[in-house]
Amino acid sequence: METLRLVLLFVHILGFAALLGGLLVQVREPSKSVNALMRDGAGTAFLAGLLLVGVLEAGDGDVNHAKIGVKFAIGLVILVLVMVNLRKPSIPQGLYFALLGLTVVNIAVAVFWSPAHA
Ligand code: HEM
């Protein structure tokens, strides 16, 4: 089970790294849009995150449901905003910085809030 958790965590980190990369690659571009990196990254991070929760729940440690709940809500908002704006030729600057901010907040929640499981 530990190997599965580590593999899912690896995929989870690759997922949000792609999301963050897809955002940062266009930080100086005048026109912003939802690119394939953001689409695949948000989807992968979300799915691997859900599977990670399943593995933690199946384990015998205490799962930090408040932390997971916050991460789930932020991850869902990111995923919906990315998918809804996928086909638009460009997105407003405000939406772009909201996506960047939410992604950075979810990393901070993951790292600074006490572990997801005991
Ligand atoms: C953009 C969205 C997300 C980002 C940036 C993100 C970021 C991270 C980071 C940095 C870690 C590693 C933290 C550590 O090991 O100390 C992590 C772990 C984790 N994430 Fe996410 N996450 C996101 C979405 C989600 C979602 C939607 C869920 C589930 C509903 C989730 C569930 C988890 C769980 C359960 C772990 C802990 C794994 C473990 O320690 O076994 N994440 N996440």
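The values are calculated or read from the model by the stated rules, or taken from the named source; none is laboratory data. Please read all numbers here as calculations on a predicted model, not as lab measurements. Here Cβ is always computed from backbone atoms with ideal geometry, including for glycine, and neighbour counts include all displayed protein chains. The protein model used for the area step is the full one, side chains on, heavy atoms only, and it has no ligands, DNA or RNA in it. Shrake-Rupley method; radii C 1.70, N 1.55, O 1.52, S 1.80 Å.
Test of understanding: among V55, V34, which residue is within 12 Å of the ligand (Cβ to nearest atom), open to solvent by less than 40 Å² (accessible area, probe 1.4 Å), β-branched (V, I, T) and touching a helix residue (DSSP H, G or I) at 6+ places or on another chain (Cβ under 8 Å)?
V55
Return the pair list, or none, for Cβ contacts closer than 8 Å from residues in region 1-18 that are closer than 29 Å to G101 by Cβ to residues that are more than 8 Å from the ligand (Cβ to nearest atom) and open to solvent by 80 Å² or more (accessible area, probe 1.4 Å), at least 6 apart or on different chains.
Filtered contacts from region 1-18: L8/L51; G15/L47; A18/L37.
Tell me whether region 3-23 contains one or more residues that are among the polar types (S, T, N, Q) and open to solvent by 80 Å² or more (accessible area, probe 1.4 Å). Spell out how you get there, then give the answer.
At the first step, the residues of region 3-23 found to be among the polar types (S, T, N, Q) are 3.
Imposing the further condition that a residue be open to solvent by 80 Å² or more (accessible area, probe 1.4 Å) reduces the set to 3.
Yes, that holds for at least one residue.
Scan region 75-118 residue by residue and report those that are part of a helix (DSSP H, G or I), closer than 28 Å to V63 by Cα and not β-branched (V, I, T).
Of everything in region 75-118, those that are part of a helix (DSSP H, G or I), closer than 28 Å to V63 by Cα and not β-branched (V, I, T) turn out to be G75, L76, L79, L81, L99, L100, G101, L102, N106, A108, A110, F112.
Report yes if some residue within region 20-35 is of a type outside the set (D, E) and closer than 23 Å to M1 by Cα; otherwise report no.
The answer is no; no qualifying residue exists.
For R39, are the conditions met, namely being in a helix (DSSP H, G or I), at pLDDT below 95, buried (at least 16 other Cβ atoms within 10 Å of the Cβ) and basic (K, R)?
Here the answer is no, as R39 does not meet what is asked.
Could we say that A66 is surrounded by 17 or more Cβ atoms within 10 Å (Cβ to Cβ) and on the phi < 0 side of the Ramachandran plot here?
Values: surrounded by 17 or more Cβ atoms within 10 Å (Cβ to Cβ): no; on the phi < 0 side of the Ramachandran plot: yes.
Against the criterion (surrounded by 17 or more Cβ atoms within 10 Å (Cβ to Cβ) and on the phi < 0 side of the Ramachandran plot), A66 does not qualify.
Do we find a residue being more than 8 Å from the ligand (Cβ to nearest atom), modelled with pLDDT under 95, open to solvent by 80 Å² or more (accessible area, probe 1.4 Å) and not charged (D, E, K, R) anywhere in region 72-89?
no
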